[in-house]
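Here, each number is a calculation from the coordinates, and none is a lab measurement. In this text, all values refer to a predicted model and were calculated from it rather than measured experimentally. Note: ideal-geometry Cβ built from the backbone for every residue, glycine included; neighbour counts use all protein chains shown.
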Amino acid sequence: MRFSFATALIGVAALISTVSADFYNRLNVNDTVFVLIDHQTGLLNLVGDYQPDAFLNNVMGLAETAKYFNIPMIFATVLDKDPNGALLPSLKKLFPDAFSYQSPWDVPEFVKAIKDTGKKQLVIAGVVTDVCVAFTSLFAKEAGYEAFAVIDSSGTFNEAVRDDSWLRMQAGGVQLMNWFSVACKLGRDRRHDITGMAVLFANRLPSYSHFMDSFNAAQAALEGAK
Ligand SMILES: *[C@@H]1O[C@H](CO)[C@@H](O)[C@H](O)[C@H]1NC(C)=O
């Protein structure tokens, strides 16, 4: 009786430590690489769980976050010259020199490219969530990386498929985040660069830009009243 109780306790402790180890790993600008998979002009038409304009905005918000924090970016596109289409032109423009690899994880060059960055935290987004994002995140976890799937910069056919993907990833210890929370986690103490972060957010979040504008207007009015 006592033995099985102790065994049960050890089991519970082991479970808690595994869960908590996965539960909260902070993103660190120095440990992170971004992996954007198959954001291609053809494939984007499959995205049915976000409106096209909102989705593009989320993808670009994430890409601009990488740019802002100077984080390495790796693109994975299945094939440039097939119906899946070209890498989204606005991503290509933002990262003209980023490497692009064909289909992730089964391709040794892709795995090596990730390894060569020397980073251990992978921020992953892509189309579609249930294939590219879920498979890559779970593979990454298995290979010993920390995986952060960016849910609003990843899209798929519909909500049911999306929810299933989220559950699978979560069960595998992948952390689910949105692009804004990735930016906030990387930024940590905003006091280091209030203006830079505000511009990053205002560019992609109209409501953020409205309250920055109203704040600035109020400040100007106060100055004028002095
Ligand atoms: C990242 O590295 C720089 C340079 O070594 C260091 O100053 C900074 O504190 C590091 N940032 C974090 C969040 O660890």
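Starting from 0.36 nm per residue, how many nanometres of slack lie between Asp82 and Ala54 once their C-alpha separation is accounted for?
7.5 nm
Using 21 Å as the Cα-Cα cut-off, could you pick out the over-long pairs in Lys67/Lys120; Lys93/Lys120; Lys93/Lys119; Lys115/Lys141? Show your work: numbers first, answer last.
Working: Lys67/Lys120 19 Å; Lys93/Lys120 26 Å; Lys93/Lys119 24 Å; Lys115/Lys141 13 Å.
Pairs exceeding 21 Å: Lys93/Lys120; Lys93/Lys119.
Suppose a student asked you for the relative contact order of the chain, using Cα pairs under 8 Å spaced at least 6 residues apart; what percent would you report?
Here the relative contact order equals 24 percent.
How far is it, in nm, from the label point at Phe211 to the one at Lys92 when both lie 7 Å from their Cα along the line to the Cβ?
Placing both labels 7 Å beyond Cα along the Cβ direction yields 3.8 nm.
Once the Cβ-Cβ distance between Ala225 and Asn25 is put in as r, and R0 is 45 Å, what FRET efficiency do you end up with, to the nearest 0.05?
0.40
Pull out a ≥ b ≥ c, the square roots of the eigenvalues of the alpha-carbon gyration tensor of the range 138-226, then state rounded if a/c is under 1.5, prolate if not and a/b is larger than b/c, and oblate in the remaining case.
Because a/c hits 1.5 or more and a/b exceeds b/c, the range 138-226 counts as prolate.
Just check the range 25-188 against the gyration tensor rule for me: Cα atoms, a ≥ b ≥ c as the square roots of the eigenvalues, rounded for a/c under 1.5, and otherwise prolate or oblate depending on whether a/b exceeds b/c. Please list the in-between numbers first.
Working: a/c = 1.21, a/b = 1.11, b/c = 1.09.
Rounded, because the longest to shortest axis ratio a/c is under 1.5.
Along the Cα→Cβ direction, 7 angstrom out, place labels at Asp193 and Lys67. What is the inter-label distance in nm?
1.3 nm
Work out which helices of the chain, taken as complete DSSP H runs, extend at least 30 Å along their axis over the Cα atoms and score a mean Kyte-Doolittle of 0.5 or more, then list them. Don't skip to the end; give the middle numbers.
Working: long enough: 2-23 (31 Å, 1.37).
Membrane-span-like by this criterion, though nothing is claimed about a membrane: 2-23.
Search the structure for amide H atoms under 5 Å from the amide H of Ile124, placed 1.01 Å from N in the peptide plane, and list their residues when 5 or more places away or on another chain.
Distant-sequence amide H within range of Ile124: Val35, Phe148, Ala149, Val150.
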